[in-house]
Amino acid sequence: MYGEILNEKDLPMDQLREIGLVKGEEILLDRRDIHALLSGSRTNLIRLENIFRSGVEIKEMDVKLSLSRDSLGHPDLLVHPVYKQAITPSFISSNEADQLLTGLKANVVKSLERGGMQRDMLIEYDWNTREFVITDTSKIQTPLEINGQPLTPYQKDRYLSGRQIEMPDGSMVQASGTAPEGFRSNRMALVVSLLMDGGISYLLYQGLNALIDKQGETMQEKSLGKAYSKALARFEKPAEGGHTHLVERVDSVEAISGKNEQQRSYGRSGFSR
């Protein structure tokens, strides 16, 4: 969960139309991918077909999308294609790269100079696009609560450093720049509260990306637990001053978060309009 969320009216419609993802005024993306764009994360893989862009005709192409801001602060569409092979960043060792590529590590944190300042960067590997993705950890916003359970200062510090944290009910989360929601979990659904717009917002997430263990295997339970049920009831009837957000997921009967805070993650390139 990162950065300042955009409103749907801020989406670069002309750029989306240029790659065949707008028909009339309708955006031809499912709600989960629209949410990922608005919250600064990457979408899932999307198939583009019969595209003519920058003088090049593309019959079909699988890509992920994200938004950046141009020099004037306007949202700019970035297209992340599937690369033939990964290019290892110069600031991580070959051993660290191998650990990311094989799933022995979910991420690596490195202190890098950005804009004249040293910043801790979260480096992950995106298996879908075959690229290393870098996220500025200073932009990560930690949840106030997960399933109604407040995070401790220690848990917040761990979350900000890209480590897994575990709540009293057994639910676990880890910040991720490669997941559309901005984090992974060992549960398929969570209710998360964040401080947004001067108040507390309750966000319902379902269909979450699974955590990855040291052997590269996914960790996810079907059981949601009593804490989730209680938090869900609170989500459905928020306290005064609270807000709830929900975005429908087209490819299932479940739903995912409708609003969270994310700072986009930078790949090795991505191409913009």
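Only one residue of L104, T43, Y83 has its Cα farthest out toward the positive end of the dipole of the range 13-119, where Lys and Arg carry +1 and Asp and Glu -1 on Cβ, and that residue is L104. If the segment from T152 to K222 were pulled out straight at 0.36 nm per residue, it would be longer than the present Cα-Cα gap by 22.6 nm.
Accessible surface calculations at 1.4 Å, restricted to protein heavy atoms, place the range 39-190 at 46 Å² per residue. Partners of K64 within straight-line reach, counting lysines whose Cα lies under 17 Å from its Cα and excluding those fewer than 8 residues away in the same chain: K84.
Taking 28 Å as the straight-line reach from the Cα of K237, the lysines in range (excluding those fewer than 8 positions away in the same chain) are K9, K156, K222, K226, K259. Sequence-ordered 3J(HN,Hα) estimates for the range 228-236 from the Karplus curve with 6.51, -1.76 and 1.60 and θ = phi - 60° stand at 5, 4, 5, 5, 5, 4, 5, 4, 6 Hz, glycine and proline given as x.
Straight-line cross-link reach from K110 at under 18 Å between alpha-carbon atoms covers these aspartates and glutamates, not counting any fewer than eight positions away in the same chain: E96, D98, D120, E124, D126, E131, D136, D157.
The values are calculated or read from the model by the stated rules, or taken from the named source; none is laboratory data. In this text, all values refer to a predicted model and were calculated from it rather than measured experimentally. All Cβ positions, even for glycine, are placed from backbone atoms using ideal geometry, and neighbour counts span all protein chains on display. Heads up: the accessible areas ignore ligands, DNA and RNA and are worked out on the full protein's heavy atoms, side chains in. Shrake-Rupley method; radii C 1.70, N 1.55, O 1.52, S 1.80 Å.
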